[in-house]
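Undergrad: One structure coming up, written as structure tokens, with questions to follow.
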Amino acid sequence: MVEVKGSNPYLRGSEKARVKLDTGAGMSVIPQDWVERLRLMPLGVIDVSGFDGEWREVRTFMVDLAFSGFRFDWVEVIASRRDDVLIGRHILNHLKVTLDGKSLALNIEDP
Amino acid sequence: MVKTTIYIPDWLWKKFSMLVIQGKGYRKKKAVIEDLIKDYVQRNGTLPSQVVDRFEAEKDAFQDMRRELLSNQKYRGKFVAVLNNSAVDFDADKIALVKRAYKKYGYAPIYVDKVDQERRHAEILSPELRRK
């Protein structure tokens, strides 16, 4: 299990959660609770669609995210009712992720 | 627990009932309504209301000035920071703009958007299974 640490880039304080790498997500998603706990300010809005193709407007926030030895500062994310953090393609595109499904192994590196 | 009564149009209730029966089964309307209320509270209640109000006002201000900004070569294609109903700064680099805006105006609900014809969009496509 990989854990991600999220923090407010402007204020102090951090939160931890399980991380899921999601190549189907264009953007990363943090738990809704973090918005209050990290006192995040909304920064913008974006139209988001899910697997059902329905679009809705959601607010975006800036956070610092760190997982598996990698750190990404000032990352724009959205929040939703979930306990884990989805790491989307806007972060994964900076890394080399190798999935060995047969061995149930996943390797992440920054080449 | 509280009990409340609301009045909604017949057609809306019928359509809602049909959709709930099709999607969730019989006798599930109350659960669906409770989920909708929870979702609304979670999405809106985690931010203080004064932050939400100010943010929404700045967002509306950006929409009002969008056409004007688009017609100005200086802003087109760049990110603009809106505070107190006016564009206070702009930059091609969003992060640089946000950092500068927070440094100058404090950690306030500043609205930042790209001066572009199209709205921003993202797909979060992966469905998830939740086992109970």
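Values in this text are rule-based calculations from the coordinates and carry no lab data. Here the structure is a predicted model, which is why all the values come from computation and not from measurement. Quick reminder, even Gly has a Cβ in these numbers, built from the backbone with ideal geometry, and neighbours come from all protein chains shown.
Undergrad: Can you tell me how the stretch A:23-72 classifies by the Cα gyration tensor, rounded, prolate or oblate, using a/c under 1.5 as the rounded cut?
TA: Judged from the Cα gyration tensor, the stretch A:23-72 comes out oblate (a/c at least 1.5, b/c at or above a/b).
Undergrad: Could I ask something else about it? Would you calculate the separation in nanometres between label points at B:Asp35 and B:Met1, each defined as 7 Å from the Cα along the Cα-to-beta-carbon direction?
TA: Result for the modelled spin labels: 1.9 nm.
Undergrad: While we're on this one: Quick check on the stretch A:64-111: take the gyration tensor over C-alpha atoms, sort the square-rooted eigenvalues as a ≥ b ≥ c, and tell me if it's rounded (a/c under 1.5), prolate or oblate.
TA: The shape class here is oblate.
Undergrad: Now, a different point. Report the trypsin sites (Lys or Arg not before Pro) located in the stretch A:32-109 that are in a DSSP loop and have at most 14 other Cβ atoms inside 10 Å of their Cβ, or state none.
TA: Of the trypsin sites (Lys or Arg not before Pro), the ones in loops of the stretch A:32-109 whose Cβ has at most 14 other Cβ atoms within 10 Å are A:Arg81.
Undergrad: Next question, about the same structure. Run through the stretch A:23-85 and list the GluC sites (Glu not before Pro) located in a DSSP loop whose Cβ has at most 15 other Cβ atoms within 10 Å.
TA: A:Glu54
Undergrad: In sequence order, what are the phi-derived ³J(HN,Hα) couplings for the stretch A:39-55 according to the Karplus relation 6.51 cos²θ - 1.76 cosθ + 1.60 with θ = phi - 60°, rounded to whole Hz, with x for glycine and proline?
TA: 6, 6, 8, x, 10, x, 9, 8, 7, 10, 10, x, 5, 7, x, 7, 9
Undergrad: Once the convex hull of the C-alpha atoms of chain A is built, how many Å³ does it hold per residue, rounded to a whole number?
TA: 108
Undergrad: Determine the gain in length on full extension of the stretch B:Asp10-B:Arg100; use 0.36 nm per residue of separation and subtract their C-alpha separation, reporting nm with one decimal.
TA: 27.2 nm
Undergrad: Next up: Average projected area of the Cα convex hull of the protein assembly as shown, in nm²?
TA: With every direction weighted equally, the projected area is 17.6 nm².
Undergrad: Still on this structure, please answer the following. Could you tell me the relative contact order of chain B? Use alpha-carbon pairs under 8 Å, at least six residues apart, and round to a whole percent.
TA: Dividing the mean separation by the residue count of chain B yields 19 percent.
Undergrad: Next question. What do you get when you divide the Cα radius of gyration of the stretch B:35-90 by 2.2 N^0.38 Å, with N the number of residues?
TA: Computed over Cα atoms of the stretch B:35-90, the ratio equals 1.46.
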